[in-house]
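Structure, as structure tokens:
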Amino acid sequence: MAILSSLEFKILAATSLVLYYIGRRWRIRKVSDLHRMKQALALTDPAAITYIFSKHPYEYLKSQVIRPLIDRLLGKSLVWAEGLQHKRQRAMLAPVFTHEAVRRMDEEVHTAAEKLVNLMQEYIHSHTPSAKDPANGHANGGTKPTSAGVRLNILEWNCRATLDIIGTVGFGHDFQCGESPEARAIQASWAKLVSMGLDFSGFVAPLVVRAFPFIAHLPIPSIQAQGEIKVLIKKLARKIVEDRNTLSAVDKDLAASKGKVGKDLLSIIMSMRETQGEDLDQLLDHICTFVLVGHETTSATLNYTLMELARNKDVQDKLRQEILDFQGSGPGGQPTYDEFQSKLPYLDAVAKESLRVYPPASHTERVAQRDDVLPLRFPITTPEGEELTSIRIKKGQARLIINVSTIAINRNTAVWGPDAEIFRPDRWLDPDQLPLPTTLSQGWSGVFTFTEGPRICIGYRLALHEYKVILSALIRHFEFSDAGEKIVTQFSSTMQPYVEDKKAEGVQIPLLVKELHF
């Protein structure tokens, strides 16, 4: 756990005290006071969400607190951009993530999944004692195996495959399934960033920055650490760009014939320098964004899925049976891209339920750029007894910050029923068990995980495909069992899990993993 310096402690303590009095002074007493107070409006209503994100996305912008933090972590890329700049960038990058484009990535996705399976098999073999050497289970930092399998922190494994995929399909770079020096450095830097976000200074810092944005520029490690991983990835990105520029004409023609140059993500990003006048630093920001966001979020969803499958063996067994029974049209009977989309209904249900219950990005926020009226699908009643079918809001951050909680939307009991917080994939198999479309987000499958509208996650098709391919490979080859630990989650860049009363050990989801033989 990081130790606060004297300067950090004084800054955070003083500003936290100020925040306390600000909160008491500006507390809302009635809805009619909303326009006069500096407050956050927590929003889950589907009509209001669609109004902001689908109908008026460029009139509700990220706050001036959030944008500098995005810049520090990812740079001035697609996630950071607003207005016309975002429209231009989105239009340029969108062709890389169409169904047809992702279909062409299928081979690389399967290869990455196979590499992950092989590495996990090797680890399990090396940590399973043989009859001749019963002490082998303690070798190389392993834990003594049980009949349920070898104990693994699954967080350290899925990220290897997802980083491999974005490296290969996006930039032609091989991260060697997490074994390359660059991959190890990225994971170490990310772990440091997440760890700092879990301690006290990481918890308090965002509250302080929200009240006093200038603090974001002070040398507080829990804030400035966000920039370290960007520097690291941009150094790699610069080398990737230089290597592409030095390709010979023959090599470029050969790569283009295989669809690896010209229509790939790196080629599109590099062309933005000519078409949009972006400088090299902005191009490197784009690479940084896709490397970091493109692997960490999918990996996180896989981690939570395996945790739930370990807890719910009936669901795991049902999923495994569907995967084993299906004979695909791909090499070795594997499902093709199109078959993954439509021929494996229970896998699809597991994916939807995992992304509903465990969205990697737990929240976002917006600030109105004009006075407006937000429509409500579900009327609300004020403490004075007045029923409201809409909410009037005022322009600007000084008036109102609109906080949109993805978790609250996806787990809303008024929409999804009393078991909204329960992982139950079977709900997706019966349309009568699903909420009415008018009560849901207009995002993918009615959930808000990828948001909705013109700013919906540009890479969601690739994320879904690699999720299904990796999960299928793991469930086909391994059985996952609960390790008996209580997992707690906390936001630190994304939703992070750790074992209750063991936060000092870092983020983890320990599972017992056993290789299967059919």
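The values are calculated or read from the model by the stated rules, or taken from the named source; none is laboratory data. All of these numbers come straight from a predicted model, not from anything done at the bench. As a convention, Cβ positions derive from the backbone with ideal geometry for all residues, glycine included, and neighbour counts pool all protein chains shown. What goes into the accessible areas is simple: the full protein's heavy atoms, side chains included, and nothing from ligands, DNA or RNA. Shrake-Rupley method; radii C 1.70, N 1.55, O 1.52, S 1.80 Å.
Taking the range 464-485 as the range and being farther than 30 Å from Phe97 by Cα, in contact (Cβ under 8 Å) with a residue 24 or more places away in the chain and open to solvent by 40 Å² or more (accessible area, probe 1.4 Å) as the test, the residues that pass are Glu479, Asp482, Glu485. Of all residues in the range 59-83, those being out of contact with any Ser or Thr (no Cβ under 8 Å at 6 or more places or on another chain), among the hydroxyl-bearing types (Ser, Thr, Tyr) and part of a loop (DSSP other than H, G, I, E, B) number 1.
Check the range 206-217 and report whether any residue there is at pLDDT 85 or above and surrounded by 15 or more Cβ atoms within 10 Å (Cβ to Cβ). Full working, then the answer.
Residues of the range 206-217 that are at pLDDT 85 or above, as a first pass: none.
No; the residues of the range 206-217 include none that is at pLDDT 85 or above and surrounded by 15 or more Cβ atoms within 10 Å (Cβ to Cβ).
Identify the single condition in (1) among the aliphatic types (A, V, I, L, M); (2) surrounded by fewer than 19 Cβ atoms within 10 Å (Cβ to Cβ); (3) under 28 Å from Leu152 (Cβ atoms) that Leu436 does not satisfy, given that it satisfies every other one. Of the numbered conditions (1) among the aliphatic types (A, V, I, L, M); (2) surrounded by fewer than 19 Cβ atoms within 10 Å (Cβ to Cβ); (3) under 28 Å from Leu152 (Cβ atoms), the odd one out for Leu436 is (3).
Please count how many residues of the range 297-328 are open to solvent by 20 Å² or more (accessible area, probe 1.4 Å) and within 25 Å of Lys76 (Cβ to Cβ). Number of matching residues: 1. Can you work out which of the residues in the range 256-295 that are open to solvent by less than 20 Å² (accessible area, probe 1.4 Å) and either at pLDDT below 80 or of a type in the set (Asp, Glu) (or both) is nearest to the chain's Cα centre (by Cα)? Once the filter is applied, the top-ranked residue is Asp285. Residue count for the range 262-278, restricted to those that are closer than 16 Å to Lys235 by Cα and part of a loop (DSSP other than H, G, I, E, B): 0.
Can you find even one residue in the range 487-501 that is without any contact (Cβ under 8 Å) to a residue 24 or more places away in the chain and within 19 Å of the chain's Cα centre (by Cα)?
Keep residues of the range 487-501 that are without any contact (Cβ under 8 Å) to a residue 24 or more places away in the chain, which gives 488-489, 499-501.
Next cut, within 19 Å of the chain's Cα centre (by Cα) only: 488-489.
Yes, the range 487-501 contains a residue that is without any contact (Cβ under 8 Å) to a residue 24 or more places away in the chain and within 19 Å of the chain's Cα centre (by Cα).
Only residues that are open to solvent by 100 Å² or more (accessible area, probe 1.4 Å) and modelled with pLDDT under 80 were counted across the range 231-255, and they come to 2.
Every listed requirement among (1) among the aliphatic types (A, V, I, L, M); (2) out of contact with any Leu (no Cβ under 9 Å at 6 or more places or on another chain); (3) open to solvent by less than 10 Å² (accessible area, probe 1.4 Å) is met by Leu347 save one, (2). Could we say that Val415 is closer than 29 Å to Arg320 by Cα, surrounded by 14 or more Cβ atoms within 10 Å (Cβ to Cβ), in contact (Cβ under 8 Å) with a residue 60 or more places away in the chain and among the hydrophobic types (A, V, I, L, M, F, W, C) here? The answer is no for Val415.
Each row is one residue, and each column tells you yes or no for (1) modelled with pLDDT of 95 or more; (2) among the aromatic types (Phe, Trp, Tyr).
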position	(1), (2)
Leu347	yes, no
Val350	yes, no
Glu353	yes, no
Tyr358	yes, yes
Gln369	no, no
Ile409	yes, no
Arg427	yes, no
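Report those helices (runs of 4 or more DSSP H) wholly inside the range 279-357 carrying at least 1 residues which are among the small types (Gly, Ala, Ser) and over 30 Å from Ile487 (Cα atoms).
Values: elements: 280-311, 313-325, 337-342, 345-357.
Those helices (runs of 4 or more DSSP H) span 337-342.
Number of residues in the range 486-518 that are exposed (fewer than 15 other Cβ atoms within 10 Å of the Cβ) and among the hydrophobic types (A, V, I, L, M, F, W, C) equals 4.
Of all residues in the range 381-392, how many are β-branched (Val, Ile, Thr), in a strand (DSSP E or B) and either over 20 Å from Ser441 (Cβ atoms) or open to solvent by 70 Å² or more (accessible area, probe 1.4 Å) (or both)?
Total satisfying the criteria: 2.
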